[in-house]
Amino acid sequence: MSNTKRFLCALVGLSTSLIAMGQQRDTLTFYSQAFEQERSIYITLPEFHRFSSGEVEFPVVYVLDAQHDWFAEPIYSDIRYLEYTHEIPQFIVVEIPLIDRVKECGIKDIDGAVMPLHTFLTEEVQDAIMEYSPGEFRLLIGHSFSASFALYSYLKAPEFYSAVFSHSPLDKLGALVSALENEPQAKPTELFISVGSSNRVKDHHHRSEFENVAKAHPEFFRQIHSYRAENATHNAVPIIATPHFFSSLFLPFSTRFMDIAQVDENYALVNTPSEVEVEMASIIAAAKLGGVEYPLEIAEINGMASRYANSGYDNHAKALYDYGVHFYPEFFGFHLSLCEYYMEEDPQRARQLLETGEKLVERDLSLPDRKELLMEISAFRKDLGWE
């Protein structure tokens with residue numbers, strides 16, 4: 001194995017380990033005009049957010065009831081695990097703690113003045129998180145009282161949300177469904193409603209109301225995504241239903257590249273790829289989230305490039321790494337991987353890429369195996385006589 005290939009293999013192993021690192025978590029506290037008091041929210045960024053350019057806009061999930069660790073932490077864990085398995089995209093997670101959930105989520109009049117929490121979410125929180133490059137894909141998750149509020153908020157601004165997970169709602173459910181049926185901009189396919197067991201000590205009251213409303217509005221419930229967690233208690237419903245809803249909602253995302261660069265059991269391409277420009281055009285055309293352009297994530301770029309390279313299509317791999325440098329300029333891995341591909345055609349460019357990658361590694365003090373990678377780069381530099 002050549003020094004270049006040895007270096008690249010070490011690089012892939014080290015860069016892949018980044019997935020296991022912790023995410024940036026910020027607390028934002030600001031005065032809310034809607035509530036007329038200071039409120040706090042928690043922002044957790046996906047791992048690769050820090051490497052991205054301003055062109056990458058990340059989807060956002062808003063988690064209500066974040067004052068309850070038993071609810072917020074499992075939901076957060078679901079999100080991060082499903083990101084790791086590439087089941088869902090990399091999310092900006094916005095956790096919204098409530099001070100008085102009954103008062104803040106309880107719906108007095110669907111047609112009355114807009115509830116403060118709705119204004120807080122769709123205007124004030126949205127303004128507060130703009131610095132994190134949020135995209136237009138927005139998902140709201142609520143449970144019980146906040147589940148009904150989630151449906152209410154969607155009713156008031158269906159154009160703002162891309163989807164809502166409403167776990168075991170009860171408050172004003174019938175009225176909400178009637179209003180949603182009559183709201184021309186509402187899309188039932190964007191609504192996900194779960195409920196627990198009808199057992200008396202499980203989720204009986206919520207289940208009874210759910211079944212009554214479903215019977216009264218059969219067409220609406222045929223269009224929405226519903227899930228009956230038959231053995232679940234009320235508080236267990238969101239923990240059980242959330243992964244199910246995520247997998248359903250993001251099936252088009254998780255399979256968006258299934259027909260591109262397919263490989264067999266030996267990791268060899270099944271079909272001969274098109275010319276580089278044509279192949280990249282197909283990849284970019286498939287890079288969508290909810291019908292909106294969403295660039296390949298770092299793991300997708302690495303995985304696809306490795307499949308092309310393993311079958312000898314180095315120019316295809318090079319084009320993907322170039323794409324990666326454009327959208328994730330702070331990710332050292334793409335600069336160092338590209339260095340190999342420019343060695344013969346443009347040694348000066350290769351050296352610049354190596355130097356850029358090395359600087360990125362040097363300043364990233366949180367990088368696992370940082371010292372080992374810097375030693376590998378130094379050895380590679382000496383082999384090439386670039387010292």
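No lab work stands behind these numbers, since they all come straight from the coordinates. In this text, all values refer to a predicted model and were calculated from it rather than measured experimentally. In this analysis, Cβ positions are derived from the backbone assuming ideal geometry, glycine residues included, and neighbour counts consider all displayed protein chains.
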Checklist entry - Taking the stretch 25-68 only, how many residues are of a type outside the set (S, T, N, Q) and under 20 Å from Pro116 (Cα atoms)? => result 16
Next on the checklist: Condition first: free of Cβ contacts under 8 Å to residues at least 40 places away in the same chain and either touching a Phe, Trp or Tyr at 6+ places or on another chain (Cβ under 8 Å) or hydroxyl-bearing (Ser, Thr, Tyr) (or both). Now tell me which residues in the stretch 194-217 satisfy that.
Outcome noted: Ser197, Ser198, Ser208, Ala214
Checklist entry - How many of the residues making up the stretch 158-184 are farther than 20 Å from Leu289 by Cα and in contact (Cβ under 8 Å) with a residue 24 or more places away in the chain? => result 17
Item to check | Residues (part of a helix (DSSP H, G or I) and in contact with a strand residue (DSSP E or B) (Cβ under 9 Å, 6 or more places away or on another chain)) located in the stretch 49-79 | outcome: His49, Phe71, Ala72, Ile75, Tyr76, Ile79
Checklist entry - Can you find a residue in the stretch 188-199 that is surrounded by fewer than 20 Cβ atoms within 10 Å (Cβ to Cβ) and either under 22 Å from Val102 (Cα atoms) or basic (Lys, Arg) (or both)? => result no
Checklist entry - Within the stretch 157-172, is even one residue in contact with a Gly (Cβ under 9 Å, 6 or more places away or on another chain), part of a strand (DSSP E or B) and more than 27 Å from Thr233 (Cα to Cα)? => result no
Checklist entry - Residues of the stretch 192-211 being under 18 Å from Phe149 (Cα atoms) and polar (S, T, N, Q), which ones? => result Ser194
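Out of the helices (runs of 4 or more DSSP H) lying entirely within the stretch 226-288, which hold 3 or more residues that are over 22 Å from the mean Cα position of the chain (by Cα)?
Those helices (runs of 4 or more DSSP H) span 276-286.
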Checklist entry - What residue, among those in the stretch 241-262 that are among the β-branched types (Val, Ile, Thr) and in contact (Cβ under 8 Å) with a residue 12 or more places away in the chain, is nearest to Leu191 (Cα to Cα)? => result Thr242
